[in-house]
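Input: a single structure, listed below in structure tokens.
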Amino acid sequence: MGTLGSRMQASSQDPEEAVETACASGKHGCECRKRKRTAHCDCDSEPDEEDALLDTPRRKKLKSTSKYIYQTLFLNGENSDIRICALGQEWNLHKVYLCQSGYFSSMFSGSWKESNMMVIPLEIPDQNIDTEALQVVFGSLYRDDVLIKPSRVVSILAAACMLQLDGLIQQCGETMKENVSVKTVCGYYSSASIYGLDSVMKKCQEWLLNNLMTHQNVDLMKELGEQGVCCICRADVMEPLIQSSDLFVMQVEMDVYTALKKWMFLQLNPSWDGPIKQLLADADTWLCKRRTELGEEEPFLKTEDGAPFTPVFRHVRLQYIINDLASARILERDNILPPDWLTSVYKSQWFAMLRTEHDNDNGPQDANKEEFESSSMRCGRKLTKDGDYCWRWTGFNFGFDLLVTYTNRFIVFKRNTLSQPCGGAVSLQPRRHLAYRLRLASFDNSGKLVCSRSTGYQLLTLEKDQEYVVMNLDSRLLSFPLYVCCNFQYTSPHMDRRPDAPEPESSARSVS
């Protein structure tokens with residue numbers, strides 16, 4: 001009766017309650033599966049108490065298909081239907097994989113004699129390609145990913161271009177852009193120009209614009225223009241750098257001329273080996289020796305040795321060198337530049353000064369970005385650590401004595417007129433106009449940009465002794481040493497500017 005009563009009691013339960021009772025019984029079998037499918041069961045999702053006490057082994061990752069294919073078909077060469085011979089080495093490969101290459105796809109699908117050959121000798125005309133590069137490139141056809149070492153990327157790129165592997169070419173380009181440094185920039189630039197990677201060329205040029213003068217390096221200056229190692233034409237690399245308003249100039253334009261003088265000396269004396277602090281003195285001694293011992297009277301750029309450097313020196317902005325007496329004397333002493341170059345600049349600057357004094361040229365009031373790009377004054381300063389700094393860049397700037405201050409994360413321009421002593425003439429005109437762009441940057445040890453800020457092109461009007469906050473910096477983004485680079489234009493570029501031109505509506509305007 002007890003058993004019968006128990007059965008009757010169980011049968012009178014609600015179906016869902018019966019399911020819960022069975023699931024909670026602790027048996028290894030799942031009694032709920034015998035019930036109606038509408039009943040809810042958590043057996044699969046909730047582990048049994050016994051299972052929870054056991055150490056369930058982790059799933060072992062099985063060998064991927066890609067790795068198996070690479071090992072079996074490429075490395076072991078199993079079931080190979082074609083043999084490729086190049087540079088004294090052989091690869092047992094498969095046509096179906098080789099057809100991923102545009103080079104082999106055309107070879108096998110056309111009426112070429114190689115389409116039916118079992119052994120194909122490859123001619124390798126490119127000296128950048130070696131057997132190691134071919135091993136990587138052929139192997140890339142059998143696997144999903146390829147590890148490209150920065151030191152090997154040029155050879156792999158050359159082989160990928162020959163075999164027309166667009167994906168691998170793109171990966172080489174990304175590897176190069178991520179690893180531009182003082183040791184790689186020239187080689188990468190040269191290779192990118194050969195194999196048509198415009199984005200890599202642009203990245204290398206950006207690196208050079210930022211680092212050519214901020215981190216001067218003897219080996220880099222030798223390699224920039226060295227024939228044979230990178231096959232870079234001297235003017236092809238240096239000319240656009242010196243021409244650009246984006247060149248990160250340290251100090252003033254005279255330092256651009258000095259850097260070019262040292263670079264020219266190293267190109268003509270590649271065996272020179274010494275500390276960079278001695279480089280300028282040795283370059284000056286070498287120039288002096290040519291003038292005295294060889295009796296050269298004509299400017300160096302007119303000689304056979306100097307002629308190749310003429311296109312680069314053409315882009316030095318001489319108007320911002322002759323505005324300083326000491327710098328003008330060095331130009332005369334060096335006798336590198338043809339006299340007619342200097343004569344035209346002296347004439348232009350004389351008329352600019354007369355317009356400032358007698359024609360009420362108070363500075364640029366209209367946006368002229370093209371003129372600004374080609375002829376603005378370039379100058380810079382290195383701030384080694386956080387602190388208070390105040391400076392002015394040397395040279396006569398048509399009576400506009402501009403003081404630059406860095407303090408409490410603010411950069412401030414001040415038109416000094418009467419408040420601070422000045423070694424030159426100062427304009428007393430009520431208002432002066434200025435076009436400028438200010439950039440800040442910090443770099444890591446490889447010269448890669450860590451952080452940067454820019455004001456963009458601006459027009460500014462300052463009254464006597466007026467200050468203007470140019471930039472307010474976020475301390476979280478500051479990283480020292482900090483490099484400050486400025487472009488300025490103090491006079492109006494328009495020769496026919498009217499003396500009664502209207503004043504700007506506001507004290508500062510952005511140039512679009």
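The values are calculated or read from the model by the stated rules, or taken from the named source; none is laboratory data. Since this is a predicted model, take the numbers as computed values, not measurements. Every residue, glycine among them, receives a Cβ derived from its backbone with ideal geometry; neighbour counts consider all protein chains shown. Calculation scope for accessible area: heavy atoms of the full protein, side chains included, ligands and nucleic acids excluded. Shrake-Rupley method; radii C 1.70, N 1.55, O 1.52, S 1.80 Å.
What number of residues within the stretch 156-193 are free of Cβ contacts under 8 Å to residues at least 24 places away in the same chain and among the β-branched types (Val, Ile, Thr)?
Number of matching residues: 1.
Enumerate the pairs (first residue in the stretch 373-387 and farther than 13 Å from Pro493 by Cβ; second residue anywhere and aliphatic (A, V, I, L, M) and assigned to a strand (DSSP E or B)) with beta-carbon separation below 7 Å, excluding pairs fewer than 6 apart on the same chain, so at least 6 apart or on different chains.
So the pair list comes out as Gly380/Val484; Arg381/Val484; Leu383/Leu482; Leu383/Val484.
Among what's in the stretch 240-271 and is open to solvent by less than 50 Å² (accessible area, probe 1.4 Å) and without any contact (Cβ under 8 Å) to a residue 24 or more places away in the chain, pick the residue that is farthest from Ser376 (Cα to Cα).
Asn269
For the stretch 190-202, enumerate the residues that are crowded, with 21+ Cβ neighbours inside 10 Å and either within 26 Å of Pro121 (Cβ to Cβ) or modelled with pLDDT of 95 or more (or both).
Taking the stretch 190-202 first, the residues crowded, with 21+ Cβ neighbours inside 10 Å are 190-192, 197, 200.
Scanning the stretch 190-202 gives Ser191, Ala192, Leu197, Val200.
How many residues does the stretch 388-415 hold that are surrounded by fewer than 19 Cβ atoms within 10 Å (Cβ to Cβ) and in contact with a Leu (Cβ under 7 Å, 6 or more places away or on another chain)?
The total comes to 4.
List every residue pair whose Cβ atoms lie under 7 Å apart, where the two residues are 6 or more positions apart in sequence or sit on different chains, the first residue falls within the stretch 424-437 and is over 17 Å from Phe488 (Cβ atoms), and the second residue, located anywhere, is hydroxyl-bearing (Ser, Thr, Tyr).
Leu428/Thr417
Which pairs have Cβ atoms under 7 Å, sit 6 or more apart or on different chains, and link a residue in the stretch 215-239 that is within 21 Å of Asp255 (Cβ to Cβ) and crowded, with 20+ Cβ neighbours inside 10 Å to one that is at pLDDT 60 or above and of a type in the set (S, T, N, Q)?
Gly225/Gln267
Considering only the stretch 141-154, I want to know if a residue exists there that is surrounded by 14 or more Cβ atoms within 10 Å (Cβ to Cβ), farther than 30 Å from Leu224 by Cα, modelled with pLDDT of 95 or more and touching a helix residue (DSSP H, G or I) at 6+ places or on another chain (Cβ under 6 Å). Give the derivation first.
Kept after step one, since they are surrounded by 14 or more Cβ atoms within 10 Å (Cβ to Cβ), are these residues of the stretch 141-154: 141-143, 146, 148, 150, 152-154.
Next, only the ones that are farther than 30 Å from Leu224 by Cα stay: 141-143, 146.
So of that shortlist, the ones also modelled with pLDDT of 95 or more come out as 141-142.
Remaining after also requiring touching a helix residue (DSSP H, G or I) at 6+ places or on another chain (Cβ under 6 Å): 141-142.
The answer is yes; a qualifying residue exists.
With respect to the numbered conditions (1) open to solvent by less than 50 Å² (accessible area, probe 1.4 Å); (2) modelled with pLDDT under 95; (3) of a type in the set (A, V, I, L, M); (4) more than 31 Å from the chain's Cα centre (by Cα), which one is the sole condition not fulfilled by Met118?
(1)
Of the conditions (1) farther than 28 Å from Asn472 by Cα; (2) under 31 Å from the mean Cα position of the chain (by Cα); (3) outside any loop (DSSP other than H, G, I, E, B), His315 satisfies every one except a single condition; which number is it?
Every listed condition holds for His315 apart from (3).
Taking the conditions exactly as written (farther than 24 Å from Ser191 by Cβ and either open to solvent by 10 Å² or more (accessible area, probe 1.4 Å) or not β-branched (Val, Ile, Thr) (or both)), does Asn128 satisfy them or not? Spell out the reasoning first.
Working: farther than 24 Å from Ser191 by Cβ: no; either open to solvent by 10 Å² or more (accessible area, probe 1.4 Å) or not β-branched (Val, Ile, Thr) (or both): yes.
No.
Of the residues in the stretch 348-387, how many are open to solvent by less than 50 Å² (accessible area, probe 1.4 Å), of a type in the set (Lys, Arg) and closer than 25 Å to Ile242 by Cβ?
Total meeting the criteria: 1.
Quick one: count up the residues across the stretch 300-312 that are buried (at least 18 other Cβ atoms within 10 Å of the Cβ) and either in contact (Cβ under 8 Å) with a residue 60 or more places away in the chain or not in a helix (DSSP H, G or I) (or both).
3
Could you tell me which numbered condition Leu337 fails, if it satisfies all but one of (1) of a type outside the set (S, T, N, Q); (2) modelled with pLDDT of 95 or more; (3) open to solvent by 70 Å² or more (accessible area, probe 1.4 Å); (4) part of a loop (DSSP other than H, G, I, E, B)?
If we test Leu337 against (1) of a type outside the set (S, T, N, Q); (2) modelled with pLDDT of 95 or more; (3) open to solvent by 70 Å² or more (accessible area, probe 1.4 Å); (4) part of a loop (DSSP other than H, G, I, E, B), just (3) comes out false.
Yes or no: Arg290 exposed (fewer than 14 other Cβ atoms within 10 Å of the Cβ) and part of a helix (DSSP H, G or I)? Write out each step before concluding.
Values: exposed (fewer than 14 other Cβ atoms within 10 Å of the Cβ): no; part of a helix (DSSP H, G or I): yes.
Against the criterion (exposed (fewer than 14 other Cβ atoms within 10 Å of the Cβ) and part of a helix (DSSP H, G or I)), Arg290 does not qualify.
What strands (runs of 3 or more DSSP E), lying completely within the stretch 433-512, carry at least 2 residues that are at pLDDT 80 or above, among the polar types (S, T, N, Q) and farther than 17 Å from Thr407 by Cα? So that I can check it myself, show each step before the final result.
Numbers: elements: 449-454, 458-463, 467-472, 482-489, 508-510.
Here the list reads 449-454, 458-463, 482-489.
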